[in-house]
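All remarks here apply to the structure that follows.
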Amino acid sequence: MDIQFEKVSYTYQVNTPFSYQALKDINLEIKTGEFVAIVGHTGSGKSTLLQHINGLLLPTEGRVQVGDFLLSRKNKRQDLKKLREKAGVVFQYPEHQLFEETVERDISFGLKNFQVPADEIQTRIMDALEKVHLSEDVLAKSPFELSGGQMRRVAIAGVLAMNPEVLILDEPTAGLDPKGQQDIMNMFNHLHKTKNMTTILVTHQMNHALAYADHIFVLADGSVQMEGTPKQIFSQADELKKANLDMPDVLSLIKRINQMFGTDIAYERRQPAALAKEIAERLRENKRL
Amino acid sequence: MKSFMIIGQFVPGNSMVHRLDPRSKLMVIFTFVIIVFFANNSVSYGWLTLFALILILLTKLHIGYILKGITPVWFLIIFTFILHLIITKEGPVLIDIGGFAIHKGGVLQGLTISWRFFLLVLVTSLLTLTTSPMEITDAIEELLAPFKKIKVPVHELALMMSISLRFIPTLLDETEKISKAQASRGVDLRTGSIKDRVYAIVPLLVPLFISAFKRAEDLAMAMEARGYRGSEGRTKLRQLQFKKLDYMAMIIYLLIILIFFSLR
Ligand SMILES: Nc1ncnc2c1ncn2[C@@H]1O[C@H](COP(=O)(O)OP(=O)(O)OP(=O)(O)O)[C@@H](O)[C@H]1O
Ligand SMILES: [Mg+2]
């Protein structure tokens with residue numbers, strides 16, 4: 001499903017003294033199968049933007065096209081359930097949405113709502129569990145006796161079980177330890193690669209945006225300030241600074257090394273180990289000079 | 001969701017009414033609520049209405065916003081009017097529709113009662129519009145302090161009140177977030193049978209309760225960690241202090257009341 005925002009503005013609490021324009025004239029396009037990152041300072045409107053994709057919010061002005069669905073003020077009375085089945089959202093701290101007595105029932109909650117046939121539900125649950133790397137033992141447990149990281153995985157499994165075509169992630173790694181963050185990001189990356197799932201990731205971690213995204217949108221103050229490939233975005237350090245964002249650690253490190261030793265090492269999406277190897281080699285050459 | 005909840009929601013500002021000591025405002029509102037019931041002719045009603053209008057002007061809030069804010073109450077006001085119109089059978093008949101008569105007394109009674117109601121709601125909503133919940137609870141605690149002597153747990157009541165007020169917006173936020181998350185998992189509160197819709201509330205309520213309990217626990221822990229031990233010997237950061245503005249306002253208000261009683 002291609003996604004297109006056309007001149008989208010959104011104002012919270014219109015016509016009150018509290019009205020606040022969170023999105024201003026947003027134009028953007030996300031193609032099927034892309035991995036897109038949306039980054040921006042806190043309060044820049046990232047979550048607001050995400051909620052337009054599955055119709056939780058309708059634009060105050062402009063329109064959003066998601067596959068066959070046209071979302072706009074004028075088009076209020078349509079059945080959004082079909083859209084929500086295809087565009088799954090993992091909210092910030094998704095474990096807060098757990099409520100069932102057992103993990104199994106919580107994962108199947110969405111499936112039942114979307115009228116997935118009963119004989120299919122079991123296989124879907126198993127699939128989802130495998131995707132999030134949880135063992136079958138948790139199925140009978142109460143979600144509330146799991147650890148925070150496990151709860152997060154259960155919540156994510158509940159969304160993945162719906163087999164969405166578009167996966168929308170609002171800071172899915174917030175509050176996890178570094179290892180947990182890595183695991184979850186690798187999992188989403190794997191899903192994206194193997195299932196060709198369109199993935200839209202909101203993140204504060206420039207490292208994640210750099211490592212996984214094909215395309216990055218930088219939001220500042222409700223507008224798209226920059227867009228492009230990670231390479232294009234992160235070559236404009238000054239612009240980034242204006243949006244209150246940092247450079248990814250790897251890039252800062254490589255830049256410093258290049259400056260200090262006059263080398264020209266490039267990142268090229270390599271794993272730390274591979275990069276370290278090149279850096280070591282180059283420095284050794286450098287010493288010989 | 002939030003847009004429906006603006007009945008008397010605090011709007012920060014710097015008007016004269018905003019700057020008054022919350023105790024003054026509370027006393028004015030409290031006496032006003034009683035005084036409204038003493039109005040007995042159009043002049044005295046007019047005088048109170050004028051007072052309310054001037055108050056509105058002094059708050060510098062948009063009058064349209066205030067009137068819209070009391071929307072849910074409009075229904076009650078109109079209902080009151082119609083009720084009196086129908087049940088009061090005094091005075092000459094004005095209209096007679098198929099044996100169903102509307103009397104002059106009914107019209108008058110309906111008008112005065114609903115107008116009284118309107119004034120009450122309007123003025124009390126001005127209090128909450130211009131005073132932060134924290135100020136209101138502080139004021140209540142101060143004004144009720146004498147009752148501590150007869151073992152009324154004034155401080156605890158005020159604390160409970162301020163904590164609940166503090167968490168209303170948080171809970172509303174949470175409700176909105178969770179209902180959005182469940183809507184994304186296919187919950188639909190707008191269609192389906194009544195039974196379906198009642199069941200659809202469970203996925204909303206359970207997470208809400210869990211987070212509310214968690215919050216309460218965290219809060220209690222944080223308060224103890226910061227040495228909270230009840231009101232005994234506890235000092236205040238924001239001391240309430242009557243200022244010149246308050247004395248002036250009180251004097252003017254007294255005059256208004258005196259004039260009101262002479263107009264009856
Ligand atoms: N329900 C609401 N009512 C009024 N204003 C809101 C509401 N939700 C968000 N806002 C405001 O809209 C702006 C954008 O909010 P949004 O949640 O989209 O930011 P964000 O980029 O996701 O921030 P963060 O990184 O902190 O999650 C913020 O300034 C916020 O205060
Ligand atoms: Mg957000």
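In region A:228-251, of all residues being of a type in the set (Gly, Ala, Ser) and part of a loop (DSSP other than H, G, I, E, B), the one that is nearest to the chain's Cα centre (by Cα) corresponds to A:243.
Pick from region A:2-48 the residues that are in contact with an Asp or Glu (Cβ under 8 Å, 6 or more places away or on another chain) and of a type in the set (S, T, N, Q): which of them is farthest from ligand 2 (Cβ to nearest atom)? The extreme case among them is A:32.
For beta carbons closer than 7 Å, sequence separation of 6+ or different chains, a first residue in region A:18-42 that is over 21 Å from residue A:7 (Cβ atoms) and within 14 Å of chain B (Cβ to nearest Cβ) and a second that is within 16 Å of ligand 2 (Cβ to nearest atom) and among the charged types (D, E, K, R), there are no qualifying pairs. Considering A:64, A:39, A:116, which residue is farther than 24 Å from residue A:241 by Cα and either part of a helix (DSSP H, G or I) or within 16 Å of ligand 1 (Cβ to nearest atom) (or both)? Result: A:64 is the single residue among A:64, A:39, A:116 that is farther than 24 Å from residue A:241 by Cα and either part of a helix (DSSP H, G or I) or within 16 Å of ligand 1 (Cβ to nearest atom) (or both).
Considering the conditions (1) buried (at least 16 other Cβ atoms within 10 Å of the Cβ); (2) farther than 30 Å from residue B:157 by Cα; (3) under 23 Å from the mean Cα position of the chain (by Cα), residue B:111 is excluded by exactly one of them, (1).
Restricting to region B:79-104, count the residues that are surrounded by fewer than 14 Cβ atoms within 10 Å (Cβ to Cβ), of a type in the set (A, V, I, L, M, F, W, C) and in a helix (DSSP H, G or I). Count: 3. Would you call residue B:169 away from chain A (no Cβ under 14 Å), in a helix (DSSP H, G or I) and not β-branched (Val, Ile, Thr)? No; evaluated as a whole, the condition is false for this residue.
One line per residue, one yes/no per condition, for (1) touching a residue at least 12 places away in the same chain (Cβ under 8 Å); (2) closer than 30 Å to residue A:86 by Cα; (3) assigned to a helix (DSSP H, G or I); (4) more than 10 Å from chain A (Cβ to nearest Cβ):
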{"position": "B:191", "(1), (2), (3), (4)": "no, yes, no, no"}
{"position": "B:205", "(1), (2), (3), (4)": "no, yes, yes, no"}
{"position": "B:217", "(1), (2), (3), (4)": "no, no, yes, yes"}
{"position": "B:223", "(1), (2), (3), (4)": "no, no, yes, yes"}
{"position": "B:227", "(1), (2), (3), (4)": "no, no, no, yes"}
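Number of residues in region A:132-188 that are in contact (Cβ under 8 Å) with a residue 60 or more places away in the chain, on the phi < 0 side of the Ramachandran plot and within 16 Å of ligand 1 (Cβ to nearest atom): the value is 5.
Would you call residue A:64 within 22 Å of the chain's Cα centre (by Cα), crowded, with 20+ Cβ neighbours inside 10 Å, away from chain B (no Cβ under 14 Å) and within 16 Å of ligand 2 (Cβ to nearest atom)? So residue A:64 fails the test. Remark: pairs (first residue in region A:192-210, assigned by TED's automatic domain parsing to the domain that holds residue A:175 and under 9 Å from residue A:36 (Cα atoms); second residue within 16 Å of ligand 1 (Cβ to nearest atom) and part of a loop (DSSP other than H, G, I, E, B); Cβ separation under 9 Å; 6+ apart in sequence or on different chains) = A:201/A:171; A:201/A:172; A:202/A:92; A:202/A:171; A:202/A:172; A:209/A:203. Tallying residues that are closer than 15 Å to residue B:179 by Cα, among the aliphatic types (A, V, I, L, M) and either part of a helix (DSSP H, G or I) or in contact (Cβ under 8 Å) with a residue 60 or more places away in the chain (or both) within region B:193-203 yields 2.
Exactly one residue out of A:199, A:173 is hydroxyl-bearing (Ser, Thr, Tyr) and in a loop (DSSP other than H, G, I, E, B): that is A:173.
The values are calculated or read from the model by the stated rules, or taken from the named source; none is laboratory data. Model, not experiment: these values are computed from the prediction. Virtual Cβ from ideal backbone geometry, glycine too; neighbours counted across all protein chains shown.
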